[in-house]
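S.K.: Dropping a structure here in C-alpha cells format, bear with me for questions.
What follows is calculated from the coordinates using simple rules that are stated; it is not laboratory data. Keep in mind the model is a prediction, meaning the values are calculated, not measured. Please note: Cβ atoms are built from the backbone with ideal geometry, for glycine as well, and neighbour counts cover all protein chains shown.
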Amino acid sequence: MKLLLSALTKLLAGLILLCALLFLPAWTFDYPNAWLFLGILFVPMILMGLVLFFKAPELLKKRLDNKEKEKTQRGVVALSGLIFPIGFVVSALDFRFAWSSVPLWLVIVSAVLFLIGYGMYAEVLRENAYLSRTVEVQEGQKVISTGLYGIVRHPMYLATLLMFLPIPLILGSLWGLVPFALYPAVIVVRIRNEEKVLTDGLDGYAEYKNRVKYRLIPLIW
C-alpha cells in the first residue's frame with residue numbers, strides 16, 4: 001500500500017506540474033499538442049506502472065527513488081531540472097504567441113518516435129531488474145549483456161533521447177528545441193560518471209565494456 005500511494009502521489013504531482021508548465025504559459029486549455037503529449041506520456045506510464053506494481057514491485061520502488069549519492073549525478077539531475085521546465089514553458093509560449101509552427105506530419109512523426117522510445121524503455125525495464133534512477137552498484141548486481149545491452153551499453157539513455165528530443169515538436173514548437181538540445185550533453189556527462197562507478201564497483205563491467213564497444217549510439221559513440 002505504501003508503494004502504491006508513493007507511485008500515485010508522484011504520478012499526480014507530475015501531471016499537475018506538467019499541466020501548470022504547459023497550460024499556464026499558453027494561457028488556455030485549448031492546446032491540442034499539449035493534450036497529445038500528456039496522453040502519449042501518461043497512458044503508457046500508467047500501464048507500465050501497473051505492470052511493475054504487480055510483476056516487479058522492487059523495480060518500481062527503485063524507479064521511484066531519485067536521491068542521487070554521486071556529486072556529479074546530483075549536478076546532472078539539477079541541470080535536467082532546469083532544462084525540462086524551461087523547454088516546456090518556451091514551447092507553450094511559442095504556441096501562445098505563434099513564434100513558430102510545426103507541420104502536422106512532423107508532429108505525428110515526433111509522436112511515433114516518442115512512443116518507439118517508450119517501447120525501448122519498457123524493454124530495458126524488462127531486461128534489467130537492477131535499473132534504478134540513481135547511479136549506484138546494488139547488492140548482488142550482475143552485468144546485463146543480453147538484448148539491447150548487447151548492442152549498446154546504455155540503451156535506457158538511448159530510449160530517453162528518442163523520447164525527450166521530439167517533445168518540443170510534439171508540442172508544436174521549434175523554439176522549444178533550444179533548451180532540449182542541451183539534454184544529450186547532460187546524458188554524456190551522466191554516462192561517463194556512471195561508467196566510472198560501474199567499472200570500479202561492479203564485477204565484470206570492464207570486460208563487458210570491451211565486448212560492447214558503443215555506449216549510446218551504434219557505430220557513433
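S.K.: Which length gain, in nm to one decimal place, applies between PHE54 and GLU207 when the Cα-Cα distance is subtracted from 0.36 nm times their residue separation?
M.R.: Length gained, PHE54 through GLU207: 51.6 nm.
S.K.: First measure r as the distance between the Cβ atoms of PHE29 and VAL112, then evaluate 1/(1 + (r/R0)^6) with R0 = 30 Å and state the FRET efficiency to the nearest 0.05. Display every interim value, and only then the final one.
M.R.: On the way: r = 25 Å, r/R0 = 0.84.
Computed FRET efficiency for PHE29 and VAL112 comes out at 0.75.
S.K.: Something else about it: Would you mind checking the radius of gyration and Dmax of the chain based on alpha-carbon positions, in Å?
M.R.: Using the Cα atoms of the chain, the pair Rg, Dmax is 18.1, 54 Å.
S.K.: For the chain, with the dipole built from +1 on Lys and Arg beta-carbon atoms and -1 on Asp and Glu ones, taken about the Cα centre, which of PRO103, GLY204, LEU11 lies farthest toward the positive end?
M.R.: Of the candidates, GLY204 comes out farthest on the positive side.
S.K.: Applying a 10 Å radius around every beta-carbon, put 118-124, 7-13, 157-163 in order of their mean neighbour count, most first.
M.R.: Result, highest mean first: 157-163, 118-124, 7-13.
S.K.: Of the listed pairs LYS55/LYS209; LYS2/LYS142; LYS10/LYS209; LYS2/LYS55; LYS55/LYS142; LYS61/LYS142, which have alpha-carbon separations greater than 24 Å here?
M.R.: Listed pairs above 24 Å: LYS55/LYS209; LYS2/LYS142; LYS10/LYS209.
S.K.: What size of dipole, in debye to the nearest 20, comes out for the range 2-211 about its Cα centre when the only charges are +1 on Lys and Arg C-beta atoms and -1 on Asp and Glu C-beta atoms?
M.R.: My answer is approximately 280 debye.
S.K.: Let me see the pair-distance distribution of the range 1-111: every alpha carbon pair, 10 Å bin width, integer percents in order.
M.R.: 12, 34, 34, 18, 2
S.K.: To continue, here is another question. Gain in length, ALA20 to VAL189, computed as 0.36 nm per residue apart minus the alpha-carbon separation, to one decimal in nm?
M.R.: Taking ALA20 through VAL189 to full extension adds about 57.9 nm, to one decimal.
S.K.: Here's another thing I want to ask about it. Rounded to the nearest 0.05, what FRET efficiency do LEU12 and LEU79 give with R0 = 25 Å and r taken as the Cβ-Cβ distance? Could you check?
M.R.: According to the calculation, E is roughly 0.50.
S.K.: Per 0.36 nm of contour for each residue apart, how much would the distance between ALA181 and THR199 grow if the chain were fully extended, relative to their Cα-Cα spacing? Can you show the working numbers first?
M.R.: Numbers: separation 18, 0.36 × 18 = 6.48 nm, distance 2.87 nm.
Full extension from ALA181 to THR199 adds 3.6 nm.
S.K.: Here's something else I'd like to know. Return the sequence-ordered ³J(HN,Hα) values of the range 195-200 in whole Hz as given by the Karplus equation 6.51 cos²θ - 1.76 cosθ + 1.60 applied to θ = phi - 60°, using x for Gly and Pro.
M.R.: 5, 5, 4, 5, 5, 6
S.K.: Determine the calculated [θ] at 222 nm for the chain from helices alone, applying -39500 (n - 2.57) to every DSSP H run no shorter than 4 residues and normalising by the residue count; nearest 500 deg cm²/dmol. List each step's numbers first, then the result.
M.R.: Details: 10 runs with 152 residues, N = 221.
Calculated at 222 nm, the ellipticity per residue is -22500 deg cm²/dmol.
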